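Chemist: One structure, as structure tokens, below. Some questions next.
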Amino acid sequence: MSRAAKILHIWREQSPALIVIGRFGVLAIGLVNAPVLARALGPEGRGDAALAYAVLYLVPILLALGVPLEVRRLGALGSGPEVLRAARRFALLTYVPAIGLGGVAFWTVFSSFPENQRLVASICVCLSPLTLAWTCDINLFLALGRYRAFLLVQIMQPTIALAGVLGLWVNDAVTVSNVLLAFIVASSATALTSRFATRVKSRGSRTPLPQLWRGSLKYFGSAIAESLSNRLDQVVAMPLIGSAQLGLYSVASTVAGLPLAFGYALGSKYYRDIAVATPEARPRIASQAVRSATVTSFVLVAGLAAATPYFVPLVFGDAFDAAVPVTLLALSGSFAMLIGYVANLALAAEGRGVSMTIAQVASMAIGITLLLILGPIWGSEGAAAASSTGYWALLLIVLIMLRMKMRQLVPRPSDVKAAMRALL
């Protein structure tokens with residue numbers, strides 16, 4: 001089969017490889033976007049942008065109350081249209097708290113921004129329900145195995161945002177405020193497109209909101225804890241290490257996050273397998289998922305670590321030479337992050353939201369505590385070390401909760417083929 005025929009087969013057969021393509025598309029776009037912002041804004045401006053992006057990542061998850069994961073779960077069980085209609089109504093209701101959070105952000109986390117930048121960032125927070133809406137849509141796509149739709153919607157937001165940033169760059173108008181305005185346009189277009197792509201009409205039966213919340217709340221603690229683990233460090237780090245050091249840390253986090261694209265694909269594939277399996281079969285599938293993630297993570301992280309001393313200065317510019325050791329420290333946690341993500345989704349597929357929450361909160365507490373200690377001492381390197389320790393703690397806790405024995409976790413030669421099959 002030719003390469004073109006293989007790609008066409010992946011597209012026609014709705015292969016989970018489309019998740020990898022979509023996630024890598026997002027990361028590739030980010031790798032174009034990040035150097036442009038880094039070179040145009042410098043470490044300090046990049047730090048301000050990283051803080052704004054961190055808040056805009058956290059707020060939709062805080063508003064969601066775990067609803068996107070419940071949409072995925074019920075969608076996999078055959079109740080997709082009903083639960084999505086309920087999720088849409090819920091997203092509209094979240095504009096009220098979103099406006100309140102925008103005001104809080106204006107007077108607190110964005111208080112060090114210039115006035116215009118501060119206002120635009122707060123408006124972005126008020127419009128966070130747009131992100132919540134299309135997040136629910138793509139979770140339904142994953143539940144139904146509609147990976148083509150997932151890919152198209154997933155890459156739309158960063159693509160439009162990148163087009164805006166490049167337009168600003170050509171016109172020498174790259175500022176944090178203008179970049180955030182491009183983010184608003186991209187989120188609005190993505191929400192509109194995903195709504196039509198779901199093929200779910202607004203009228204029709206829907207899951208009662210109390211029923212939706214009863215199912216989603218068990219995921220809420222885990223979802224918010226996971227998001228806080230991923231981005232709260234950047235919010236907390238700003239007053240501890242300053243904008244310039246945060247800019248270095250944000251570059252390291254961008255590179256260290258690249259392997260997670262494969263984690264999303266593996267997690268989605270095994271999530272469906274575990275969710276529909278019998279209770280007796282679930283431990284076997286979960287251990288296979290973890291071994292596949294281990295093999296994949298080792299190959300990816302080793303390759304990135306070898307390339308980092310050349311890759312980071314080349315892509316982000318000489319001003320970010322100091323980000324090389326920070327990136328290597330972050331990659332040590334990236335290995336655990338990918339495996340932990342897949343293992344955590346195994347808990348989600350079993351409906352063990354409380355266990356997920358405990359694991360995420362414990363790992364977040366470890367990471368933030370170390371950040372408060374190491375950040376003021378070692379700056380961006382301390383932040384990377386704290387983050388990596390948190391990811392390793394998460395992995396260990398989740399594996400204990402899955403009751404996996406060590407012999408179940410050691411990869412075998414056959415696991416390389418299993419990982420490839422899961423991805424492709």
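Chemist: Quick one: with all protein chains in place, what share of the accessible area of the chain is carbon or sulfur, to the nearest percent (1.4 Å probe)?
Modeler: On the way: 12010 of 17790 Å².
Within the chain, the accessible surface is 68 percent carbon and sulfur.
Chemist: Per DSSP H run of at least 4 residues, take -39500 (n - 2.57); add these up for the chain, divide by its residues and hand me the 222 nm value, nearest 500 deg cm²/dmol.
Modeler: Details: 17 runs with 359 residues, N = 424.
Value at 222 nm, helices only: -29500 deg cm²/dmol.
Chemist: Ranking request for peptides 110-118, 257-265: highest mean number of other beta-carbon atoms within 10 Å first, then the rest in descending order. Write out the running numbers ahead of the final one.
Modeler: Numbers: 110-118: 15.1, 257-265: 22.6.
Those peptides, ordered most packed to least, come out 257-265, 110-118.
Chemist: Oh, and also: Considering only protein heavy atoms, with the full assembly of protein chains and a 1.4 angstrom probe, order 373, 400, 29 by accessible area, largest first. Present the calculation step by step, with values, prior to reporting the outcome.
Modeler: Details: 373 90, 400 115, 29 30 Å².
Ranked list, largest accessible area first: 400, 373, 29.
Chemist: Related question: Tell me, what is the per residue accessible area of the chain in Å², probe radius 1.4 Å? Provide the component values of the computation, followed by the final result.
Modeler: On the way: 17790 Å² over 424 residues.
Per residue, the chain has 42 Å² of solvent-accessible surface.
Chemist: If I ignore ligands, DNA and RNA and count only protein heavy atoms, how much of residue 420 is accessible to a 1.4 Å probe, in Å² to the nearest 10?
Modeler: For residue 420, the solvent-accessible surface is approximately 100 Å².
The values are calculated or read from the model by the stated rules, or taken from the named source; none is laboratory data. Note that the structure is a prediction, hence the values are computed from the model and not measured. Counting neighbours? That spans all protein chains shown, and the Cβs are built from the backbone with ideal geometry, glycine included. To get the accessible areas, we keep the full protein, side chains included, count just its heavy atoms, and leave off ligands, DNA and RNA. Shrake-Rupley method; radii C 1.70, N 1.55, O 1.52, S 1.80 Å.
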